[in-house]
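Student: Before I ask anything, here is the structure I am working with.
The values are calculated or read from the model by the stated rules, or taken from the named source; none is laboratory data. These numbers were taken from a predicted model, which means no experiment stands behind them. Cβ coordinates were reconstructed from backbone atoms using ideal geometry, including for glycine residues, and neighbour counts include every protein chain displayed. Remember, those area values only see protein heavy atoms, side chains included, never the ligands or the DNA or RNA. Shrake-Rupley method; radii C 1.70, N 1.55, O 1.52, S 1.80 Å.
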Amino acid sequence: MPLDIRPLTGPDELPAWLRVVRTAFLEPPTVLPERLAELTAEFGESRYTGAFEDGACVGTLRSFPQRVTAVGGAQVAADAITAVSVAPTHRRRGILSRVMGAELAAAHARGEAIATLISAEYPIYGRFGFGPATHSVTWRVDAAASGFDRQRALPAQDGRLELVDAESALTHGPALHARFLATQPGAISRGADWWRTLTGTRSRPPGWNEPVYVLHREPDGTPAGLLCYEVDDASRTAKVHDLLTVTPGARRALWTYLCAIDHVTHVESCHRSPDDLLPLLLPDPRAATVKHVTDFLWVRLLDVVAAFEARTYEAPGGLVLGVADPGGPAGGTYRLTADADGTGRVERTGEEPELVLSVSNLARLWLGDGSPLALVEAGLVEERAEGAAARAERVLRTARRPWCPDGF
């Protein structure tokens with residue numbers, strides 16, 4: 001049967017589309033009625049694409065507008081991609097390639113500089129030009145061994161802590177996140193649905209428990225941090241759902257609070273920055289151990305000039321990059337010039353490239369996380385001019401690593 005790749009015509013096609021994606025991700029095929037009602041009401045907020053064979057949905061993709069913070073704080077327009085799946089009955093027929101190709105072409109036509117996703121499996125998305133641009137860490141803290149004295153009051157941390165409810169979290173959280181987004185390379189925008197999920201003000205999945213919310217205020221009353229966590233009664237482990245801070249004082253105060261809660265034996269927090277200060281915030285840093293380190297936000301460059309001119313640079317210098325993107329919009333040779341004031345200029349050029357790399361490996365370098373020297377040594381980047389990789393290391397890498405705390 002011929003395959004028809006098209007947007008869903010309306011929310012009436014959602015149940016069949018959801019059955020495919022939920023089956024592919026090993027979830028019960030039928031969504032709960034209240035959740036279907038929410039998705040129906042929110043239908044216009046996302047772009048739903050389906051692959052149809054003889055009228056039956058056999059492939060899925062959802063996308064929506066997103067903003068990603070570049071190095072230096074500029075917001076870059078992105079096409080956020082999620083819910084990518086193919087029915088198990090139709091695997092290995094090229095459906096994923098066709099759906100993804102259509103989506104990336106549409107994103108480029110809309111003028112979006114990049115596309116983003118969270119890769120469920122590492123090998124899949126490199127062939128579509130995506131590369132891992134940020135990493136995240138899961139921490140586990142032995143609260144009893146942390147060194148905090150639970151017999152004493154919490155130390156003053158340039159402000160005060162308040163227990164608040166979900167309504168207060170909804171009131172203060174978005175403004176706090178806007179401040180965070182403006183300063184953290186790799187961070188992504190949060191929509192209203194993200195906050196509704198965190199606070200349980202949309203449909204709640206089975207096993208949902210009401211979390212605890214803690215707000216940190218600066219001495220003048222300005223919110224500077226928001227913590228959301230729940231405690232597993234059996235293990236006495238405090239599991240952090242979100243720990244959002246915009247000042248070092250708020251970060252210290254909220255971690256101190258977590259590690260000093262009576263009866264809590266351990267604290268676990270996933271999707272933390274690879275540069276997290278956590279061990280240094282404890283009287284005994286050995287109480288914090290890394291449970292998991294993984295790649296997280298994957299980026300696909302659609303407009304190299306727009307993406308690399310949006311970021312800033314910590315050292316001046318010039319590079320000529322040869323980018324391979326067969327059939328894609330990013331291929332070509334580019335001259336990047338970083339000035340002493342941190343701004344960068346990018347233009348296509350006919351010069352001989354000094355470094356040659358795929359568009360997926362260029363994505364590793366956009367936010368400053370990847371090492372050009374390491375990529376050359378691993379055979380993933382070709383150095384054609386002596387010293388070019390070391391120069392790229394100085395120009396492209398950043399002192400602090402990018403961080404994306406949110407999945408989608």
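Student: Relative to the present Cα-Cα distance, how much length would full extension add between Asp339 and Asp262 at 0.36 nm per residue of separation?
Tutor: Full extension from Asp339 to Asp262 adds 22.4 nm.
Student: Charges at C-beta only: +1 for Lys and Arg, -1 for Asp and Glu. How large is the resulting dipole of region 171-271 about its Cα centre, in Debye rounded to 20?
Tutor: Dipole about the Cα centre, nearest 20: 280 debye.
Student: Can you work out the FRET efficiency for the pair Arg98 and Asp284, with r the C-beta to C-beta distance and R0 = 51 Å, to the nearest 0.05?
Tutor: Numbers: r = 55 Å, r/R0 = 1.07.
After rounding, the FRET efficiency stands at 0.40.
Student: Please give the residues of region 133-169, grouped as numeric ranges, whose backbone N is less than 17 Å from a label point set 7 Å along the Cα-to-Cβ vector of Asp232.
Tutor: Flagged as within label range: 138-144.
Student: Sort 154-163, 368-377, 100-109 for me by packing, meaning the mean count of neighbouring Cβ atoms within 10 Å per residue, highest on top.
Tutor: Numbers: 154-163: 14.4, 368-377: 19.9, 100-109: 18.1.
Top to bottom by mean Cβ count within 10 Å: 368-377, 100-109, 154-163.
Student: Hey, another quick one. Which order do the peptides 39-51, 203-215, 60-72 come out in when sorted by mean C-beta neighbours inside 10 angstrom, highest first? Spell out each step's value before the answer.
Tutor: Working: 39-51: 17.4, 203-215: 14.5, 60-72: 21.7.
Per-residue mean Cβ counts within 10 Å order the peptides as 60-72, 39-51, 203-215.
Student: Right, something else. Does the chain classify as rounded, prolate or oblate by the C-alpha gyration tensor (a ≥ b ≥ c root eigenvalues; a/c under 1.5 gives rounded; else a/b over b/c gives prolate, otherwise oblate)?
Tutor: Note, shape of the chain comes out oblate.
Student: Another question, then. What whole-number value in Å² describes the accessible area per residue of the chain for a 1.4 Å probe? Walk me through the numbers on the way to the answer.
Tutor: Working: 18570 Å² over 408 residues.
That works out to 46 Å² per residue.
Student: Still on this structure: List residues of region 257-273, by number, whose backbone nitrogen lies under 13 Å from a label position 7 Å along Cα→C-beta of Val212.
Tutor: 257-268
Student: At 0.36 nm per residue, minus the direct Cα-Cα distance, what do Thr9 and Leu170 gain on full extension? Give it in nm, one decimal, please.
Tutor: Length gained between Thr9 and Leu170: 54.7 nm.
Student: While we're looking at this one, here's another question. Per-residue ellipticity at 222 nm for the chain, helices alone: DSSP H runs ≥ 4 residues times -39500 (n - 2.57), over residue total, nearest 500 deg cm²/dmol?
Tutor: -7500 deg cm²/dmol
Student: Between Arg67 and Val293, what is 0.36 nm times their sequence separation minus the Cα-Cα distance? Round to one decimal in nm.
Tutor: 78.9 nm
Student: Nothing charged except the Cβ atoms of Lys and Arg (+1) and of Asp and Glu (-1): what's the magnitude of the dipole of region 292-408 about its Cα centre? Round to the nearest 20 debye.
Tutor: Computed about the Cα centre, the dipole is about 220 debye.
Student: A further question on this structure: Please sort 300-306, 183-189, 395-401 by packing, taking for each peptide the average over its residues of neighbouring beta carbons within 10 angstrom, highest first.
Tutor: 300-306, 183-189, 395-401
Student: Also, quick follow-up: What is the distance in Å between the Cα centres of region 1-35 and region 394-408?
Tutor: When both Cα centres are located, 34 Å separates them.
Student: For Val359, what charge total do you get from the other residues with a beta carbon under 12 Å from its beta carbon, if Lys and Arg give +1 and Asp and Glu give -1?
Tutor: Neighbourhood net charge equals +1.
Student: If you don't mind, there's one more thing I want to ask. Where Lys and Arg each count +1 and Asp and Glu each count -1, what net charge lies around Val240 among other residues with Cβ under 13 Å from its Cβ?
Tutor: Every neighbour counted, the sum reads 0.
Student: Run the quick spin-label model on Asp142 and Leu380: label points 7 Å from Cα toward the beta carbon, then report their separation in nm to one decimal.
Tutor: Rounded to a tenth, the inter-label distance reads 3.5 nm.
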